[in-house]
Structures are given as C-alpha cells and as structure tokens.
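The values are calculated or read from the model by the stated rules, or taken from the named source; none is laboratory data. This structure is a prediction, so every number in the text was calculated from the model and none was measured. Cβ: placed from backbone, ideal geometry, glycine included. Neighbour counts: every protein chain shown.
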Amino acid sequence: MSHAPKILVFDSGLGGLTVFAEVARVRPDAHLIYAADDAGFPYGDLGEKVLVARVLSVLQRLIARVAPDAVVIACNTASTLVLPHLRAQFPQLPFVGTVPAIKPAASQSRSQLISVLATPGTVARDYTRDLVRAYAAHCMVTLVGSSALAGLAEAFVQGESVSDAAILREIAPAFVANGEGRTDCIVLACTHYPLLIEQLERLAPWPVQWIDPAPAIARRTDHVLCEDLGFLPPKTKSRHVAPHHALFTGASAPAPKLSEALRLRGIGKIELEPMPLVFA
Ligand code: DGL
C-alpha cells in the first residue's frame with residue numbers, strides 16, 4: 001500500500017480518545033478520524049436491539065463518508081455486541097474491537113480477586129460472562145456496572161468540575177475484601193474510564209492495578225495494517241501526513257473547551273454528521 005493508512009476510531013462519545021491516543025502513538029504515519037456518536041450517548045443504557053441498529057446505521061454513514069482502511073471500535077459496550085454484525089455487513093473492511101481485558105487481569109492478579117468496571121450494558125453481555133468463564137474461572141470476579149462514570153469522564157474532558165465523591169461512589173463496589181485477600185486488579189472495561197485515571201489512582205481505597213486495554217488495541221491495529229492490509233510499518237521518525245479530524249453525530253458543534261481538548265490531542269478539524277437517535 002502506498003498511501004498513508006486511514007483509520008476510523010469510533011466510540012459513543014469521548015472515551016475512544018484513550019484508544020485514539022495509543023493508535024496515534026503506534027502509527028504516527030496514519031490519518032486518524034475520530035468519530036463520536038454523541039447523539040447516541042450513553043450506549044451503556046441502550047437495549048441490545050436498539051444498540052445494534054444504531055451502531056450499524058451510524059457506521060454505514062461514517063464508512064461511506066470516510067472510506068477508511070480499517071475501523072477501530074473503541075467502545076466495549078458496542079464491541080461486545082455489534083462486532084459480528086459489522087463484520088457481516090462490511091466483509092471487506094477490518095474491524096478491531098475493544099472487549100473487557102479479563103484475560104490479562106486474571107493472569108496478573110495475585111489475590112485472584114479481580115473486578116470489571118464497565119457500563120451496565122457491558123456487564124450484562126453474554127460475551128463478557130463468557131470471557132469470565134473462559135479466562136477467570138480460578139478468580140472471584142466482581143462485575144460492576146456503572147451508569148454514571150462514563151458521563152463523569154465526559155464532563156471532565158469538557159472542562160467541567162467533577163466531584164471526587166461522585167467518582168468514588170461509582171468505583172467503591174469494585175473494591176472487595178474477603179477474609180483472605182482483596183481486589184488487586186480492576187479492568188477498565190469502558191474506554192471512558194482511563195480519562196479519569198489520575199482520580200481513580202488517587203481515590204482508590206487501596207492500590208490496585210488498573211487495566212487499560214488501549215495499548216493492546218493499538219498493537220492489534222498495527223498488526224492488522226501490516227499483516228492483513230500490507231501497509232509498511234511506520235518509519236521511526238514519521239510524522240502524521242494529514243491532520244487528524246473528528247466527526248460528531250450531534251446537531252451542534254462542540255463547545256470551545258472541548259474543541260481545545262481535542263486540539264491538544266492532535267485533532268484540529270471538527271465536522272458534524274448529524275444523526276439524531278430515534279427510537280422505533
Ligand atoms: N466508551 C464506551 C465503552 O467503552 C461506553 C460509554 C457509553 O456510551 O455508555 O463501553
């Protein structure tokens with residue numbers, strides 16, 4: 001392949017920026033388009049049928065508009081449900097998903113008490129429960145579904161003040177102590193949560209390993225580009241060839257503070273692809 005790889009990084013909102021940053025680091029030669037379905041946020045509260053239909057229709061529009069070489073679904077809530085549908089609908093296009101990092105947590109935990117912090121949608125998925133059965137049968141796994149934490153992360157990135165108490169309320173159930181030990185690994189199974197990593201580390205009742213899958217997803221994306229699509233690995237000093245840009249499905253342009261947060265992440269141009277969420 002002679003052109004710079006074009007990668008669409010998709011999430012319901014701003015959480016996928018945690019994955020975007022890692023992909024940009026691993027593939028500095030790529031043109032990244034960050035797409036946020038902010039009109040559909042939060043996905044964690046949507047029923048499964050509605051979510052499948054929503055993600056398929058939004059991605060149909062975005063893929064037609066962007067014509068990417070690969071798509072990264074930087075959202076656990078969508079990936080744990082919609083990936084097979086996307087692969088069936090776009091058989092020529094590689095999709096890299098983001099699913100709860102239960103396997104690494106189970107192998108790194110010494111206490112064998114691990115927690116999975118995610119949206120209510122992700123903790124309810126068969127996919128997540130299957131991962132627990134397949135990789136963490138020797139552990140005590142606590143699944144914590146938070147309705148509020150992704151929204152708090154969005155507010156934080158948009159420059160709003162977020163109280164420690166509100167964050168602590170959401171993460172407290174992930175800290176479990178029984179007679180013999182206590183939780184030592186917590187899977188950040190929603191891409192929004194690493195946006196709050198400083199607060200999470202500071203507010204944790206005791207130190208734990210927070211498992212963020214973003215570096216593994218970036219490595220996987222690079223592998224797909226090189227092995228499946230025939231792109232050369234980036235040159236050591238390559239700089240990205242075109243400015244990254246972002247697409248939002250909401251009706252209004254992001255506020256100045258958000259535009260500035262995106263600019264600091266290398267996203268200079270923001271465009272709208274308005275798609276209101278309609279419940280059938
Ligand atoms: N960032 C998304 C995830 O990884 C979900 C946030 C939401 O829309 O509820 O699950």
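Tell me, yes or no, whether segment 32-43 has at least one residue that is more than 16 Å from the ligand (Cβ to nearest atom), touching a residue at least 12 places away in the same chain (Cβ under 8 Å), acidic (Asp, Glu) and not in a helix (DSSP H, G or I). No, segment 32-43 contains no residue that is more than 16 Å from the ligand (Cβ to nearest atom), touching a residue at least 12 places away in the same chain (Cβ under 8 Å), acidic (Asp, Glu) and not in a helix (DSSP H, G or I).
So which residues in segment 70-88 are in a helix (DSSP H, G or I) and either within 15 Å of the ligand (Cβ to nearest atom) or closer than 18 Å to Val19 by Cα (or both)? Asn76, Thr77, Ala78, Ser79, Thr80, Leu81, Val82, Leu83, listed by residue number.
Within segment 44-53, can one find any residue that is surrounded by fewer than 20 Cβ atoms within 10 Å (Cβ to Cβ), part of a helix (DSSP H, G or I), within 16 Å of the ligand (Cβ to nearest atom) and not hydrophobic (A, V, I, L, M, F, W, C)? Yes, segment 44-53 contains at least one residue that is surrounded by fewer than 20 Cβ atoms within 10 Å (Cβ to Cβ), part of a helix (DSSP H, G or I), within 16 Å of the ligand (Cβ to nearest atom) and not hydrophobic (A, V, I, L, M, F, W, C).
Yes/no matrix, rows are residues, columns are (1) surrounded by 20 or more Cβ atoms within 10 Å (Cβ to Cβ); (2) touching a Phe, Trp or Tyr at 6+ places or on another chain (Cβ under 9 Å); (3) among the aromatic types (Phe, Trp, Tyr):
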{"position": "Gln209", "(1), (2), (3)": "no, no, no"}
{"position": "Phe231", "(1), (2), (3)": "yes, no, yes"}
{"position": "Leu247", "(1), (2), (3)": "yes, yes, no"}
{"position": "Ser259", "(1), (2), (3)": "no, no, no"}
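If you check Arg202, Arg219 for being surrounded by fewer than 18 Cβ atoms within 10 Å (Cβ to Cβ) and closer than 19 Å to Asn76 by Cα, only one passes: Arg219. Residues in segment 130-155 that are under 22 Å from the mean Cα position of the chain (by Cα) and of a type outside the set (Gly, Ala, Ser): Asp130, Leu131, Val132, Tyr135, Val141, Thr142, Leu143, Val144, Leu149, Leu152, Glu154. With the structure loaded, tell me whether Thr18 is in a loop (DSSP other than H, G, I, E, B), within 11 Å of the ligand (Cβ to nearest atom) and more than 16 Å from Glu271 (Cβ to Cβ) or whether it fails that test. No. Condition test on Thr191, is it among the polar types (S, T, N, Q), in contact (Cβ under 8 Å) with a residue 40 or more places away in the chain, surrounded by 18 or more Cβ atoms within 10 Å (Cβ to Cβ) and out of contact with any Cys (no Cβ under 8 Å at 6 or more places or on another chain)? Judged against the criteria, Thr191 is not a match. Checking segment 224-237 against the condition returns no match, with no residue being more than 26 Å from Arg110 (Cα to Cα), within 16 Å of the ligand (Cβ to nearest atom) and not acidic (Asp, Glu). Of all residue pairs spaced 6 or more apart or on separate chains, those with beta-carbon atoms under 7 Å, a first member in segment 111-124 that is assigned to a helix (DSSP H, G or I) and a second member that is of a type in the set (S, T, N, Q) are Pro120/Ser147; Gly121/Thr77; Thr122/Asn76; Thr122/Thr77; Thr122/Thr80; Thr122/Thr128. Among the residues of segment 1-15, those that are of a type outside the set (D, E, K, R) and either within 13 Å of the ligand (Cβ to nearest atom) or farther than 21 Å from Ser259 by Cβ (or both) comprise Met1, Ser2, His3, Ala4, Pro5, Ile7, Val9, Phe10, Ser12, Gly13, Leu14, Gly15. Put simply, of Val157, Val224, Val176 the only residue that is at pLDDT 95 or above, touching a Ser or Thr at 6+ places or on another chain (Cβ under 8 Å) and among the aliphatic types (A, V, I, L, M) is Val176. Candidates are the residues of segment 170-221 that are in contact with a strand residue (DSSP E or B) (Cβ under 8 Å, 6 or more places away or on another chain) and basic (Lys, Arg); the one that is farthest from the ligand (Cβ to nearest atom) is Arg182.
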